[in-house]
Amino acid sequence: MKLPGPNDVAALAAGQLPDARGRFGPFGGRYIPETLVAAIERLEAGARAALADPSFQAELGAELRSWVGRPTPLSHAPRLSEAWGADVWLKREDLAHTGAHKINNALGQAMIAKRMGATRIVAETGAGQHGVASAAACARLGLHCIVYMGAVDVERQAPNVRRMKLFGAEVIPVTGGDATLRAAIDEALRDWVSDPAGTFYLLGSAVGPHPYPWLVRELQAVIGLEARGQMLEMAGGLPDVAIACVGGGSNAIGLFHPFVGDESVELLGIEAGGSGNGLGEHAATLAYGTPGVLHGTMSYLIQNTDGQVIETHSVSAGLDYPGVGPEHAFLHATGRATYLAATDAEALDALQEVCRLEGILPAIETAHAFHGARRWAAENPGKRILIGCSGRGDKDLDILAKQGVAS
Ligand SMILES: *Cc1c(COP(=O)(O)O)cnc(C)c1O
């Protein structure tokens with residue numbers, strides 16, 4: 001994870017790092033109140049110093065190996081390959097500790113927080129997966145973890161609330177606003193502003209004001225770095241396409257980043273197409289949304305013609321967010337990456353195919369990427385496909401039963 005210098009113009013042109021103001025082309029930046037500026041600047045300085053410090057990188061690398069279980073395997077998928085008429089490879093983030101890629105970011109940010117002298121970590125969570133990863137990382141490092149979670153989500157995601165509490169985290173239900181993820185983010189920010197020196201805001205995806213989209217990308221790029229080396233070694237060459245699901249965009253940007261400079265590698269992000277392409281029916285921000293500002297960053301949004309952010313729908317809680325990371329907005333606008341939607345029904349169908357043919361139960365989020373890969377394979381026969389297997393689906397068994405899958 002080498003940090004490029006600020007004058008690395010070639011990398012900037014390729015969209016590989018934000019400019020001095022944290023922008024990816026017109027996207028990104030900082031749209032924040034005055035009260036947050038000092039805390040954000042302190043965070044950026046602390047994060048840059050940590051990532052540029054070889055001893056920090058060595059410590060992070062050791063924790064990723066011995067506690068997270070990295071490198072995660074690259075698995076060939078022989079039966080999916082046969083069914084789709086393609087050569088299919090899976091980057092197995094589902095085998096990382098706590099069951100998904102989120103731990104890469106949570107551990108990295110928690111280690112930066114500790115290095116900066118913070119004693120309190122605040123995090124927000126929707127479905128609870130980022131809350132669980134943050135709570136686990138904080139337990140490992142001896143940090144006090146406070147997780148803000150919408151009251152509605154606390155009810156809906158009771159098992160994850162229990163996991164967080166087992167790891168010693170304090171879970172605070174948020175009853176204001178929509179009582180879901182957006183309200184939880186507002187509360188976490190309010191907490192951070194009230195104690196910016198002692199508190200660290202551990203953000204869960206490649207969204208929010210600069211430096212978060214860059215920082216989360218740097219911490220998740222381990223996925224693509226490992227996968228690129230593993231493909232060269234095991235598959236005999238680079239993939240023709242790398243495919244990942246996109247909620248806020250952290251697992252996808254982590255997989256894509258090391259391939260951005262490889263012109264022969266197509267990049268394909270799959271968003272939540274929900275039940276249809278009407279406003280309120282999906283969470284496919286790049287496929288159907290328009291540019292705007294949300295949670296401190298300029299990107300694409302799902303909004304009405306008055307600029308009101310619209311509530312989204314997806315069968316997968318982890319993709320159910322009305323924004324998307326600014327670097328994805330940039331890759332979309334420049335055409336370097338393509339973003340398509342998979343519907344609830346398509347994702348659930350792909351999930352069952354992966355279970356039956358490969359003995360892997362993917363998260364419903366991840367199943368969106370599998371559907372996108374299946375469709376891409378049908379249009380591009382005989383190609384080498386790399387799929388980011390972002391997480392495991394054990395957490396989704398109740399939802400699957402409710403959806404009439406394997407009930
Ligand atoms: C949270 C989550 C996602 C979506 O988040 P990104 O930041 O877009 O990666 C995708 N897959 C799994 C398994 C998740 O837990």
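Here are the numbers for the structure shown:
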item	result
Residues of type lysines that residue 165 reaches as a straight line, Cα spacing below 25 Å, ignoring anything fewer than 8 places off in the same chain	102, 114, 395
Cysteines in the chain that, by Cβ-Cβ distance, have no pairing candidate under 4.7 Å	245, 355, 389
Calculated over the chain: convex hull of Cα atoms, volume per residue (Å³)	127 Å³
Around residue 249: net Lys/Arg minus Asp/Glu count, Cβ-Cβ under 15 Å	-3
Length added when fully stretched, residue 379-residue 304, from 0.36 nm per residue minus Cα-Cα	23.7 nm
Two-site FRET efficiency, residue 277 against residue 21, from Cβ-Cβ distance with R₀ of 30 Å, rounded to 0.05	0.30
FRET efficiency estimate (nearest 0.05) - Cβ-Cβ, residue 193 to residue 262, R0 35 angstrom	0.25
In order through the range 58-73: 3J(HN,Hα) via Karplus (6.51 cos²θ - 1.76 cosθ + 1.60), integer Hz, x for Gly, Pro	5, 5, 4, x, 5, 5, 4, 6, 8, 10, 7, x, 8, x, 6, x
Structure-based [θ]222 nm, the chain - -39500 (n - 2.57) summed over DSSP H runs of at least 4, per residue, nearest 500	-12500 deg cm²/dmol
Theoretical FRET efficiency, 1/(1+(r/R0)^6), r = Cβ-Cβ of residue 56 and residue 356, R0 35 Å, to 0.05	0.20
Inter-site label distance for residue 82 and residue 403 at 7 Å from Cα along Cβ, in nm	2.6 nm
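Read-outs throughout are calculated quantities, based only on the coordinates presented, and are distinct from any laboratory measurement. Everything numeric in this text was worked out from a predicted model, so none of it was measured. Note that each Cβ is placed from the backbone with ideal geometry, even for glycine, and that neighbours are counted across all protein chains shown.
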